[in-house]
Amino acid sequence: MASKKGLKKTINNICTDIFAETVAASLYSGIPQNDNVDSLLKSILKIREDFVSRISHPEPGMSKKKYYDHLANDFTEHIMEVIDHIGNLSA
């Protein structure tokens with residue numbers, strides 16, 4: 001298992017990249033969708049905040065490996081959903 005610091009750094013890096021990709025897609029799509037872009041950017045920030053805080057406070061009664069595996073899978077699902085929305089912005 002990676003360290004908590006490493007996990008936080010990875011989550012921050014992924015969210016930063018996804019945030020930048022969203023801004024770029026909104027600027028270069030040619031179709032103004034400010035409400036969609038704003039809500040998507042807010043959701044990225046909420047995902048980052050939620051998962052970074054969840055790293056520091058694992059659920060009691062659950063093994064650490066199982067908890068962090070579940071956390072990683074949950075994070076991946078959320079990020080893939082955001083990536084799908086980004087794809088819809090530029091389409």
What is the extension gain from SER63 to ASN88, computed as 0.36 nm multiplied by their sequence separation minus the C-alpha to C-alpha distance, in nm to one decimal? 5.2 nm
Solvent-accessible area per residue, Å², over the chain with all protein chains present [probe radius 1.4 Å]: 69 Å²
Virtual spin-label span in nm between SER53 and HIS70, 7 Å along Cα→Cβ: 1.8 nm
List nothing, just return the count: lysine pairs in the chain, 8 or more apart or interchain, with Cα separation under 21 Å. 18
Residue-count net charge about ASN88 - beta-carbon cut-off 14 Å; Lys, Arg +1, Asp, Glu -1: -4
Taking all protein chains as present, what is the carbon and sulfur share of the accessible area of the chain, in % to the nearest whole number, probe 1.4 Å? 55 percent
With contacts defined as alpha carbon pairs under 8 Å and 6 or more residues apart, what's the relative contact order of the chain in percent? 42 percent
Given the DSSP H assignment, sum -39500 (n - 2.57) over each helix run of at least 4 residues in the chain and divide by its residue total; what's the result at 222 nm in deg cm²/dmol, nearest 500? -29000 deg cm²/dmol
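Send over the per residue convex hull volume for region 19-91, Cα only, as a whole number of Å³.
Details: hull volume 5.4 nm³, N = 73.
Taking the convex hull of the Cα positions in region 19-91, it is 73 Å³ per residue.
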Size of the dipole of the chain about the Cα centre, Lys and Arg at +1 and Asp and Glu at -1 on the beta carbon, nothing else charged, in debye to 20? 640 debye
Rounded to the nearest 10 degrees, the helix 64-90 long axis (Cα) sits at an angle to the longest Cα principal axis of the chain of 0 degrees
Calculate the spin-label point distance for LYS46 paired with ASN13, positioning each point 7 Å from the Cα along the beta-carbon direction, and give it in nanometres. 2.7 nm
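The values are calculated or read from the model by the stated rules, or taken from the named source; none is laboratory data. The shown structure was predicted, so the numbers you read here are calculated from the model rather than taken from an experiment. Don't worry about glycine lacking a Cβ; one is built from the backbone with ideal geometry, like all the others, and counts go over all protein chains shown. Calculation scope for accessible area: heavy atoms of the full protein, side chains included, ligands and nucleic acids excluded. Shrake-Rupley method; radii C 1.70, N 1.55, O 1.52, S 1.80 Å.
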